[in-house]
Amino acid sequence: MNPLKELLNYGQSFWLDYIRRGLISSGELQQHIVEDGLRGVTSNPAIFEKAITGSNDYAALLQQFEKEGVKDAAAIFERLAVPDIQDTADILRPIYDQTKGGDGYVSLEVSPYLGRNTQGSIDEARRLWKLVNRPNVMIKVPGSEEGIPAIRQLISEGININVTLLFAVDMYERVAEAFMAGLEQRVASVGVARVGSVASFFVSRIDAALDPMLASKPQGHALLGKVAIANAKLAYQRYKDLVKSPRWQALESKGALRQRLLWASTSTKNPQYRDVLYVEELIGNETINTMPPSTFDAFRDHGRLRNSLDEELEAAYDVLESLPKLGISLKEVTDKLTTDGLKIFSDAFDKLLNALDARCKVGFKPKLTGQTYTLPEEARAAVKASLEDWQTTGKVRRLWSRDASLWAGKDESSWLGWLNITEDQIAHAHHLEEIAAEIKSAGFKDVLLLGMGGSSLAPEVMSRTFGSASGFPRLHVLDSTDPAQIRAVESGVDPNKTLFIVSSKSGSTLEPNIFKQYFFERAGRDGSRFIAITDPGSKMQQVAEADHFRHVLFGLPSIGGRYS
């Protein structure tokens, strides 16, 4: 007897919480369908991260993308993941057809960065739905506060939704309400109610979070490893009440499919617990258990079957009622788990995109210096919250993608040239090295940079930091129109042995132009002793070319003046 396959006799479907190219191409996925009764597949950013970075399944495709010059990490990820989702959907399609949309789904998650963005989640779900273009794909949307209105809207549009990251019964009730409201809206507009959806309850993470709290209390030991299962049982009872309601019966009469509860995070985190605890204790009619490969193998080997979800309901109520008496708020725990879950998926997505992003593939460099800081508690909390927001909403990667919506959504993206300037300068360092060698061989003893503000601050910092290289001229910086300072700088150099660098982004700033003319006269109007650094097409470029400067070097127009 195969316990996995026997789950169907208890009304429960088994889905696999895992996906990778080798599983599909080797025929293993089809084998699980035939031999183990597999009825669906789920994925998330962490699963894809492990599949893509932890195997050689995608090596040839990655090499192909590199040859094609595909550099955007998000685009690479989609070109790897979407075919996997499509192929899996095709393999599962017979199950979807046989069960009339009850099973046979594969799930793909919206970007984890959008977990707190309602409209962003809606737009992304629509895009992925069209991109995958399979009737048996489910788009995963988090069951967060911001996800509720997105779920309702997407259901109303006929998009199959896997509501993920559910921990609390009250949030599940809100998800079920959004699901039914979306169906009602769809029936009113197009007269069709059939849309696939599941509500994914994460189980073992609840015990992982609560067990340390319970272990610290003398009366808490009796509840160890029991809260998650009790919570799931009460959610199941609520599901049974909902499908009996007149509201649901009216929708079902129009062909609506039930939004079944799906038990996720079913691997056992505590090695002291039975490795199939969250499968054996959550068996019930019209439910789904999605298992990672390790739990899948363990349950197939030694799983025990019974209708466990309807057992010991009074004890389940007692378990949850005991928590407040111990000073533990289950709501606070589940709220934090939702937030943490969004961050876990964002971290995994970051790790995946970084692995696919050539800009992030740099060799190990030892840590040179470290910094510490201390902030007042209020400021520390604000900084922490801001950093977490940047992480979970993908703002760092959006910055690198030059997303102007991080600011006012206007022309900000055209002022981000500083993001890649280091790599660009290093790539063209040979040109700078040639100029340095040329200046050295020309016998210059000093270099005087003429600039103001942004054009002079960085050179001065570098001069003070690195000093002078042996055999090369010394760098001086003039950024003041004070006559005494000009006289002091001038007296410290020999105009006949000095290279003058006129630095002005716009080329129209008064002070550098005055500096240029002043020293140009004292250098005998010899342009070979001058270099200009300016933006292409500036007034300074015209002046430099007219006066036959030794070189004209261009800055990036997309770097603001004070940073140029």
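The values are calculated or read from the model by the stated rules, or taken from the named source; none is laboratory data. All of these numbers come straight from a predicted model, not from anything done at the bench. Cβ coordinates were reconstructed from backbone atoms using ideal geometry, including for glycine residues, and neighbour counts include every protein chain displayed. Note: areas computed on protein heavy atoms with side chains; ligands, DNA, RNA excluded. Shrake-Rupley method; radii C 1.70, N 1.55, O 1.52, S 1.80 Å.
Scanning segment 506-534 for residues that are outside any strand (DSSP E or B) and in contact with a His (Cβ under 6 Å, 6 or more places away or on another chain) yields a total of 1.
Any residue that is within 18 Å of I439 (Cβ to Cβ), among the charged types (D, E, K, R) and part of a loop (DSSP other than H, G, I, E, B) - is there at least one of those in segment 535-544? Scanning segment 535-544, I find no residue that is within 18 Å of I439 (Cβ to Cβ), among the charged types (D, E, K, R) and part of a loop (DSSP other than H, G, I, E, B), so the answer is no. Looking at segment 471-491, is at least one residue touching a residue at least 40 places away in the same chain (Cβ under 8 Å) and open to solvent by 60 Å² or more (accessible area, probe 1.4 Å)? Taking every residue of segment 471-491 in turn, none turns out to be touching a residue at least 40 places away in the same chain (Cβ under 8 Å) and open to solvent by 60 Å² or more (accessible area, probe 1.4 Å).
Among the residues of segment 1-38, those identified as over 19 Å from E109 (Cα atoms), part of a strand (DSSP E or B) and out of contact with any His (no Cβ under 6 Å at 6 or more places or on another chain) are Q12, S13, F14. Is segment 450-467 home to any residue that is open to solvent by less than 80 Å² (accessible area, probe 1.4 Å), at pLDDT 90 or above and in a strand (DSSP E or B)? Taking every residue of segment 450-467 in turn, at least one turns out to be open to solvent by less than 80 Å² (accessible area, probe 1.4 Å), at pLDDT 90 or above and in a strand (DSSP E or B). Of everything in segment 66-78 that is assigned to a helix (DSSP H, G or I) and surrounded by fewer than 18 Cβ atoms within 10 Å (Cβ to Cβ), the residue that is nearest to the chain's Cα centre (by Cα) is A74.
Residues of segment 409-421 that are exposed (fewer than 14 other Cβ atoms within 10 Å of the Cβ) and at pLDDT below 85: G409, K410, D411, S414.
Among the residues making up segment 299-327, those that are buried (at least 18 other Cβ atoms within 10 Å of the Cβ) and more than 18 Å from I206 (Cβ to Cβ) are F299, R300, G303. Within segment 215-232, restricting attention to residues that are part of a helix (DSSP H, G or I) and within 33 Å of the chain's Cα centre (by Cα), which residue is surrounded by the most Cβ atoms within 10 Å (Cβ to Cβ)? Among those residues, the one meeting the criterion is A228.
Residue pairs whose Cβ atoms lie under 6 Å apart, separated by 6 or more positions or on different chains, with the first residue in segment 115-132 and under 23 Å from K336 (Cα atoms) and the second among the small types (G, A, S), are G115/S144; T118/A150; S121/A150.
Residues of segment 545-554 that are part of a loop (DSSP other than H, G, I, E, B) and open to solvent by 30 Å² or more (accessible area, probe 1.4 Å): D547, H548, R550.
Quick one: count up the residues across segment 515-553 that are acidic (D, E) and within 14 Å of K505 (Cβ to Cβ). Within segment 515-553, residues that are acidic (D, E) and within 14 Å of K505 (Cβ to Cβ) number 1. Checking each residue in segment 34-65 for being open to solvent by less than 50 Å² (accessible area, probe 1.4 Å) and more than 21 Å from T290 (Cα to Cα) picks out S55, D57, Y58, A59, F65.
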